[in-house]
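Below is one structure, written out as structure tokens, with a few remarks after it.
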Amino acid sequence: MLRQALRRFGQKLVRGPTLKEPVAENDPQRRLSTLDLVTQGVGHTVGIGVYVLAGEVVRNQAGPSFVICVLVAGLSSVLTGLCYAEISTRIPHSGSAYLYSFVTIGELWAFITGWNLILALVAEKAIVFITWMLTFDNLRGNRLSQTVQESILAHVPPVLAEYLEFSALGFVLLFMEFRSLWYSMSLLSSTITKLVTLVKLLALSFVITSGFIKGDLHNWKLTEEDYVKAGLNDTSGLGPLGSGGFVPFGFEGILRGSATCFYAFLGFDSIVTRVEKSQNPQRSIPMGIVISLFICFLVYFGVSSAFTLMVSYYQLQPGSTLPEVFLHIGWVPAYYVVAFALLCFLSASLWGFVWPMRQVLYMMAKDGLLFPFLTRISLFQYSLIMIIVFVGTVPVIVFFFGVTDLLDLRSVVSLISHSLVAICVLILRYQPEVQNEENEAEVQEENGPAAERLTLQGLLFPASPTPTSLSGQVVRVSSLLLVLLLILLCLVLTQWPVLLSGDPVWISVVVLLLVLITGLTGVIWRQPQNSSPLYFKVPALPLLPLLSVFVNVCLMMQMTAGTWIVFGVWMLIGFVIYFAHGIQHSWVAICTQGRAKSVDLELSRVST
């Protein structure tokens, strides 16, 4: 009895929806070309990350090796982009990691993905606002901060003074969102997106060109003498300035900086939300993802090289942004031009806060995972509610955590979502077609339970050249075990100084984990793959999706304890909502109960 109850409970967690037919290829609403998708991907990816990360990562985490951090973060994004490219062709519906998780690995993981996406949107706008205030304040010579301190702090507690800035943000957001209600998602918005993206690339190209003109290779090989000459260090130990050279903070600094730099590559997955509006999505979606990531990588690599060549990392101040590099080389007019362009980009980012949040809440509420009243709220009401919630919650987060913690929080959410997409690609490649699965079920009913039986020989040498329900289940279980083993391996690798010292216990643990990972990977590799023709497939399966998960988990291990505390509290709240409401009222649960009742009714009619 207990076993059956646990089995039913487990089935509830992994149940998934049945998708409707995708939009026809000749539908009039399919008007987005590959260029439109590339523009959207670049526009969403090349955002504030490159402006705010330059100062945060270079000064405190990586120094000149910021270039390597960009390479590592770019590698992780490319691996994830390949997975998104395949899954968007296999599931031709506009969606995101939420939809892909729901269809492939079930309801619980879909709720986790959607719930985390809400947190990501809040963290994203908090980062945009902080950067906006910082840039605006710097443009005015820190007069805003001085005015607040002189006129407000003398009469109210400092915390309330911080809230004053967020209240001002609320009015700005409210004004912008009311204006945005008059605009629709039309060709005009596509043209504006192309124009804004072009201006972004031109501004960053100017930064790259300036680096080649004013850059100095000596900034990549600083020594202790340079610090002493600058009056920053008069002792034998460099302390917080690092150890000099190209990698002043060591290998650990590169890992930590790579985890933070991952934020700069977020946004390319917005392309998959346009599957049903794109022309020939089987071709345009993969090309849009790959091309946009390639462009973003080239831009970020050029900007990181130029930035670290133009200024010594120890000269950066806390809260420094990318435009301030021009102050160090004496190009003051260039600073104002680039800073003003950044301010315009940030204002545009603040513009679209309510719409994506409404989409996520509406989608989850429509699926029954959140409360149904969220589907009945108008966009105008959403604007008021979301702005009030944002202005009330973000100051609390910012008061306890800095910009770096918010960047890490945003990155953690996306790393988890990207890892789930990689696992979905791995699982879907080895699943049978729906029609074949139905035929197989009929054959199994005729031949009895012996038709589907797992043996060691069948595990390594499957009898069927095409996927079966048994081989698909083997891949599901093996993928789950591999994820757990990869997490354990990354936890052990965080103790890399002990491993390098030659401790036999830790080395034995690593060897054992590698043997188990290799064995399970071999089991998956031996299973028959789905031969459905797709325009793009991830090469070297199952290695590349597993490598993507491994890199993502390694980056997550570099996040601070404060980031994980916030994430844990958020997930705890989410699990309470899901197990108290979502698991009983989800759309899939209602459909399952309806089918069960109809079957019972039919059986009762037959018996009578």
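Look at the alpha carbon pairs under 8 Å that are at least 6 residues apart: their mean separation over the length of the stretch 460-565 gives a relative contact order of 43 percent.
Shown in residue order for the stretch 522-530 are the 3J(HN,Hα) couplings computed by the Karplus curve 6.51 cos²θ - 1.76 cosθ + 1.60 at θ = phi - 60°: x, 4, 5, 4, 7, 7, x, 9, 6 Hz (x for Gly and Pro).
Using R₀ = 22 Å, calculate the FRET efficiency as 1/(1 + (r/R₀)^6) where r is the Cβ-Cβ separation of Leu480 and Ser531; round to 0.05.
0.35
Residue ranges 87-95, 537-545 sort as 87-95, 537-545 when ordered by packing (mean number of other C-beta atoms within 10 Å per residue, highest first). Protection proxy ranking, highest mean first, for peptides 105-111, 363-369, 555-561: 105-111, 363-369, 555-561, where packing is the per-residue count of other beta-carbon atoms within 10 Å, averaged. Once both labels are positioned 7 Å from their Cα atoms along Cα-to-Cβ, the gap between Val515 and His585 label points is 5.2 nm. Points 7 angstrom from Cα along the Cβ direction at Leu384 and Val199: gap in nanometres? The two pseudo-label positions are separated by 3.2 nm.
Any read-out appearing in this document is the output of simple, stated calculations on the displayed coordinates, not a laboratory observation. Computed from a predicted model, the values in this text were never measured in an experiment. Quick reminder, even Gly has a Cβ in these numbers, built from the backbone with ideal geometry, and neighbours come from all protein chains shown.
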